[in-house]
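These notes concern the structure reproduced below.
Any read-out appearing in this document is the output of simple, stated calculations on the displayed coordinates, not a laboratory observation. None of the values given here were measured: they were computed from a predicted structure. Reconstructed Cβ throughout: ideal geometry from the backbone, glycine too, with neighbour counts over all protein chains shown.
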Amino acid sequence: MPQTAFITGATSGIGQSTARLLARKGYRIIACGRRQERLDELKKELEDISSVVTLNFDVRNNAAVTEAISSLPEDWQQVDLLVNNAGNAHGLSSIHKGSLEDWDAMIDINVKGLLYVSRAIIPGMVQRNSGHIINIGSIAGREVYPNGNVYCASKHAVDAINSGMRLDLNDYNIRVSQIAPGLVETEFSLVRFKGDANKSKHVYEGYKALQPTDIADLVVFIATRPPHVNLADVLILPTAQASATNVHKE
Ligand code: NDP
Ligand code: 8X3
């Protein structure tokens, strides 16, 4: 029986690449997101190589999260690998100018959404005494940079939740791993800058940013270590990046 991977934020960037790579490695995929058209396209693309189920829900809405997960067919209920990836930055403003709506979005999606999904999936892992959770944190969970305030706080929370999960699940043979990437070229900056393509493009100019496949590769590597090995916490940066704010640009 193939392993089943549950991936949030599979409609774009890191999550989409991860779904593709895990499917190629033989995992069955539960691909989640809000953009149904993209979920449909991904399912169509991957169906030749793997089995795919899509779930459309907003991670902010716990009722929608639990309803979607309990709607999974009986033989898809056992999740072996949970990739908690859905998330974004919304805005880049100083603390006295930030939008409350943006702050709510980042806390509700990046922190509470990750918790809602985890709360629905982890009990099954505990019951089976097996499973693996890979949380996508960020360098923003290790450092705070100017105007990053609430996004950085949300990723520091992911870092703490990752450690907390590992402690609490230690008796249940469940691996908990965090990947903390630096700059990855995805739709992340387009979302952060509310669709401003020029601002977004500028973030990735003058150096080679990480690509979504670089993170997906790492997810696959971490997930496929022997059962006694847990890569607990991995910081991955573009070669041109030395810290959250130091990027060597040509
Ligand atoms: P993208 O914007 O390309 O992808 C974000 C994904 O999250 C989309 O699939 C989106 O799906 C999903 N998502 C966002 N909000 C919600 C929501 N409310 N409910 C359900 N799904 C949601 O960005 P990335 O791939 O870069 O981001 C993925 C993760 O990686 C995030 O947690 C981000 O913080 C983290 N990260 C990114 C870095 C980067 O530089 N790009 C660096 C470090 C970490 P949909 O809109 O269809 O719902
Ligand atoms: C995304 C990386 O540096 O833009 O988490 O916050 S950064």
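Can you sort PHE221, PHE188 by how many other beta carbons sit within 10 Å, fewest first? Working shown, then result.
Numbers: PHE221 12, PHE188 22.
Result, fewest neighbours first: PHE221, PHE188.
Which helices, counted as full DSSP H runs in the chain, have an axial Cα extent of no less than 20 Å and a Kyte-Doolittle average of 0.0 or above? Can you show the working numbers first?
Numbers: long enough: 114-128 (21 Å, 0.81); 149-168 (28 Å, -0.12).
Helices meeting the span and hydropathy rule in the chain are 114-128.
Take every Cα-Cα distance within segment 91-250, group them into 5 Å bins from 0 onward, and report for each bin the whole-number percent of pairs it holds.
2, 8, 15, 20, 20, 15, 10, 6, 3, 1, 0
Which value at 222 nm does the chain reach when only helices count, each DSSP H run of 4 or more adding -39,500 (n - 2.57), with the total divided by all residues and rounded to the nearest 500 deg cm²/dmol? It would help to have the intermediate numbers written out before the result.
Values: 9 runs with 98 residues, N = 250.
Helix contribution divided over all residues of the chain: -12000 deg cm²/dmol.
Past 22 Å, Cα to Cα: identify those pairs from LYS194/LYS249; LYS44/LYS208; LYS97/LYS155, in the order given.
Values: LYS194/LYS249 24 Å; LYS44/LYS208 31 Å; LYS97/LYS155 20 Å.
Listed pairs above 22 Å: LYS194/LYS249; LYS44/LYS208.
Can you give me the C-alpha center-to-center distance between segment 66-124 and segment 1-39, rounded to a whole angstrom?
If we compute the Cα centre of each part, the gap is 15 Å.
Counting residues in segment 201-250 as N, plug N into 2.2 N^0.38 Å and put the Cα Rg over that result.
Numbers: Rg = 13.9 Å, N = 50, 2.2 N^0.38 = 9.7 Å.
Working it through for segment 201-250, the quotient is 1.43.
Using unit Cβ charges (K, R positive; D, E negative) and no other charged atoms, how large, in debye to the nearest 20, is the dipole of the chain about its Cα centre? Don't skip to the end; give the middle numbers.
On the way: 25 positive and 27 negative charges, 59 e Å.
Dipole size: approximately 280 debye.
Mind listing the long-range amide H neighbours of LEU235? Cut-off is under 5 Å, sequence gap 5 or more, other chains count too, H placed in the peptide plane at 1.01 Å from N.
Under 5 Å from the amide H of LEU235: ALA180.
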